[in-house]
Amino acid sequence: MSDKKSLLKNPRVIIFIVLLLGSIVAIHPGYTPGSGTTSHLNFGLDLEGGSWLQIKLEGALAQIDVDSGKLVSGIVEPIIGAPVEITKNNLDVGGSAEKSVTFTTSAAVSASQLEYLGTVSVDKLSGSITQVTISDTSKESLVQAYLSKALDAEVVPMSTQDGTVYEIRTAVTEQQLETLLEKVGGSIHKNEDGTSTYKEGVSTDTRDLTKNILSDKLNSLGIKDIPVRTVGDEYILIDFAGIDLATAKEIAEKPGKFEIRIQTTGNETEHVLYGDSIVSVGVPSYHDEQWHTPFTLNDDGARTLQKIALDTGAIDNPDAHYLKMYLDGVEIYGAPLSSSAAEKLREGPIYSWEASTGTDEAAKTEATALQVHLRAGALPVNVKLVGSGHVDAGLGGQFKNAAMIIGLISLLGVAAVVYFKYKRPEILIPMVGTSTSEVIMILGVAALIGWQLDLASIAGVIASIGTGIDHLVIITDEVLAEGKLPPTRVFKSRITKAFTIILGAASTNIIALSPLVVMGFGTLKGFAITTIIGVLIGVIFARPVYAVVIKELLHVDENGTASVTE
């Protein structure tokens with residue numbers, strides 16, 4: 001028999017050992033007197049205790065029936081204070097023709113009164129008759145403009161197979177919406193079975209956008225990783241592991257819908273822009289004896305701010321027209337335009353701005369908080385706290401200990417079954433060692449990527465132990481099909497056959513679990529991700545190393561009773 005290379009010189013074994021040691025370093029296990037065991041693992045709410053909050057996204061979806069002529073009359077007449085007569089209207093005509101509507105009235109009309117409806121041209125006809133044409137518009141944009149102004153909220157028309165659905169991004173009941181539409185001769189569309197198309201909630205895209213922005217806002221506050229999950233199209237669930245309920249509520253109230261408004265007369269304000277018009281935010285800095293938070297507006301936001309500053313007189317009298325910033329309807333900042341900014345706005349839009357907060361440490365803190373609110377972007381909808389709860393830290397610790405005990409029992413149970421089947425330590429030790437190493441590597445990956453381990457994730461680890469042992473049994477049975485180690489050529493053939501089976505089984509597992517990862521069904525996502533990580537680690541690293549180790553160990557054993565030819 002020719003000499004065998006030492007296991008420690010085998011490239012696969014070397015890579016396996018390096019990954020195992022790297023995983024231990026990533027986990028960083030330790031012990032602190034008084035605190036007990038410590039690690040870099042991030043445990044979830046059910047293993048560490050803490051609080052959870054359920055928030056509701058305020059909004060509504062509905063299809064709307066309205067006559068475009070009555071719609072225009074219903075919008076325009078209250079504004080100009082006089083009746084109108086529609087003389088030309090092609091808003092209901094299909095095709096790509098330019099949409100416009102023309103009407104006449106006896107009242108004096110200025111283009112600025114109606115420009116939020118589209119491009120407005122005003123012509124004086126004979127006598128006191130004025131003709132007004134609104135172009136670059138459509139029935140959908142007019143409905144959007146009317147509801148946006150009436151509800152002081154964003155309204156987004158969405159094209160679907162069933163027609164145009166309007167997403168109203170504020171809390172509005174079906175009766176309130178019907179009342180508003182009746183004023184312009186409209187109503188909520190009915191389905192074929194007579195049911196209303198009104199639905200409380202928001203679209204899936206808006207829900208996911210809200211979740212992502214909320215997650216960015218919460219995690220930018222520098223606490224620990226805070227998972228944010230969606231529940232249906234109306235609710236978002238937030239876990240605050242290791243954080244008490246009062247603190248969790250305080251944190252959750254910080255992010256919200258960001259808006260800039262301008263003071264008009266008295267305490268009245270007018271909407272200017274939402275947070276999505278802010279394209280970048282700089283680091284707070286101290287200069288000119290003030291703390292400043294710099295931010296940049298996109299083109300639409302800059303032009304809108306200039307126009308409203310001109311229309312409200314803020315350029316001529318900045319001190320009477322404060323720019324105010326709101327988060328969830330609560331004012332978080334207010335200040336007038338500087339004299340230099342007012343003069344620049346006369347000439348054109350300003351894209352780069354700075355919000356000054358003061359000179360002391362409190363001003364520095366305010367500037368930093370304002371940076372967080374600006375940088376994270378605006379929530380598309382307002383949110384409302386509808387549920388909350390708390391998991392005691394002691395109970396979470398019990399769950400953690402129970403999970404560890406269950407994992408250990410599972411490993412010992414598997415070891416007992418394997419020993420009963422083969423009754424050979426040289427098979428049992430590599431199997432148990434390989435499974436233990438896989439668990440360490442899974443936890444190492446979780447520590448590196450900051451994945452929060454919960455009970456479902458622990459269940460995924462336990463499932464990986466079972467899957468791994470299945471694969472190792474397949475390898476062992478193929479290799480020892482005749483009760484002893486075969487010649488090298490036969491050994492390679494059987495290993496190839498075993499890995500064909502293993503790869504097929506692993507692929508099936510990954511494909512079956514992938515929908516849970518993509519769709520994210522709550523805690524099941526943790527189970528799926530952990531199991532997939534375990535399968536990949538096993539197939540790519542652990543199984544090949546086990547095949548090498550088992551061949552060497554069985555070869556040594558066979559040396560005492562028979563020769564092994566090559």
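Of the residues making up the range 316-329, just one is of a type in the set (Asp, Glu) and on the phi > 0 side of the Ramachandran plot, namely ASP328. Reported count of residues in the range 67-95, each being among the aliphatic types (A, V, I, L, M), under 13 Å from VAL184 (Cβ atoms) and in a helix (DSSP H, G or I), is 5.
Here is a list: GLY413, GLY377, GLY394. Which entry is of a type outside the set (S, T, N, Q), surrounded by fewer than 14 Cβ atoms within 10 Å (Cβ to Cβ) and at pLDDT below 80?
Unique residue meeting the criteria: GLY394.
If the condition is being over 23 Å from THR164 (Cα atoms) and in contact with a Gly (Cβ under 9 Å, 6 or more places away or on another chain), then the range 83-131 contributes ILE86, PHE103, SER106, ALA107.
Taking the criterion of being touching a strand residue (DSSP E or B) at 6+ places or on another chain (Cβ under 9 Å), small (Gly, Ala, Ser), more than 19 Å from GLY74 (Cβ to Cβ) and modelled with pLDDT of 90 or more, would at least one residue in the range 115-122 satisfy it? Within the range 115-122, not a single residue is touching a strand residue (DSSP E or B) at 6+ places or on another chain (Cβ under 9 Å), small (Gly, Ala, Ser), more than 19 Å from GLY74 (Cβ to Cβ) and modelled with pLDDT of 90 or more. Among the residues of the range 174-194, is any closer than 21 Å to THR304 by Cα and either of a type in the set (A, V, I, L, M, F, W, C) or assigned by TED's automatic domain parsing to the domain that holds GLU85 (or both)? Looking through the range 174-194, none of the residues is closer than 21 Å to THR304 by Cα and either of a type in the set (A, V, I, L, M, F, W, C) or assigned by TED's automatic domain parsing to the domain that holds GLU85 (or both).
Take VAL202 and decide whether it is part of a loop (DSSP other than H, G, I, E, B) and either touching a residue at least 40 places away in the same chain (Cβ under 8 Å) or under 31 Å from the mean Cα position of the chain (by Cα) (or both). In short, yes.
Residue by residue, here is whether (1) among the small types (Gly, Ala, Ser); (2) within 15 Å of ALA403 (Cα to Cα); (3) in the same structural domain as GLY538 (by TED's automatic domain parsing) holds:
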site	(1), (2), (3)
SER435	yes, no, yes
GLY444	yes, no, yes
TRP451	no, no, yes
SER457	yes, yes, yes
ALA463	yes, yes, yes
ILE469	no, no, yes
ILE474	no, no, yes
ASP477	no, no, yes
LEU480	no, no, yes
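Applying the criterion of being of a type in the set (Ser, Thr, Tyr) and within 20 Å of SER23 (Cβ to Cβ) to the residues of the range 455-498, the residue that is surrounded by the fewest Cβ atoms within 10 Å (Cβ to Cβ) is THR467. Scanning the range 278-298 turns up no residue that is on the phi < 0 side of the Ramachandran plot and assigned to a helix (DSSP H, G or I).
Quick grid of which residues meet (1) more than 21 Å from LEU180 (Cβ to Cβ); (2) surrounded by 18 or more Cβ atoms within 10 Å (Cβ to Cβ); (3) outside the structural domain of GLY163 (by TED's automatic domain parsing):
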{"site": "VAL76", "(1), (2), (3)": "no, yes, no"}
{"site": "ILE79", "(1), (2), (3)": "no, no, no"}
{"site": "VAL101", "(1), (2), (3)": "no, yes, no"}
{"site": "SER106", "(1), (2), (3)": "yes, no, no"}
{"site": "GLN113", "(1), (2), (3)": "no, no, no"}
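Kindly establish whether ILE332 is at pLDDT 85 or above and on the phi < 0 side of the Ramachandran plot. Here the answer is no, as ILE332 does not meet what is asked.
Name the residue that is farthest from the chain's Cα centre (by Cα), counting only residues in the range 425-454 that are over 20 Å from ILE15 (Cα atoms) and crowded, with 20+ Cβ neighbours inside 10 Å. Among residues in the range 425-454 that are over 20 Å from ILE15 (Cα atoms) and crowded, with 20+ Cβ neighbours inside 10 Å, the one farthest from the chain's Cα centre (by Cα) is ILE427. Return the residue satisfying two criteria in turn: it lies in the range 297-311 and is hydrophobic (A, V, I, L, M, F, W, C) and surrounded by 15 or more Cβ atoms within 10 Å (Cβ to Cβ), and of such residues it is nearest to the chain's Cα centre (by Cα). Residue satisfying both the conditions and the ranking: LEU297. In this structure, ARG207 does not satisfy being assigned by TED's automatic domain parsing to the domain that holds LYS99 and either touching a residue at least 24 places away in the same chain (Cβ under 8 Å) or farther than 30 Å from VAL228 by Cβ (or both). Evaluated against (1) surrounded by fewer than 22 Cβ atoms within 10 Å (Cβ to Cβ); (2) at pLDDT below 80; (3) under 26 Å from GLU361 (Cβ atoms); (4) not hydrophobic (A, V, I, L, M, F, W, C), PRO294 falls short on exactly one condition, (2). When HIS287 is tested against (1) surrounded by fewer than 17 Cβ atoms within 10 Å (Cβ to Cβ); (2) touching a residue at least 24 places away in the same chain (Cβ under 8 Å); (3) over 30 Å from VAL156 (Cβ atoms), exactly one condition is not met: (2).
The values are calculated or read from the model by the stated rules, or taken from the named source; none is laboratory data. Model, not experiment: these values are computed from the prediction. Methodologically, a virtual Cβ is constructed for each residue, glycine included, from the backbone with ideal geometry; neighbour enumeration extends over all protein chains shown.
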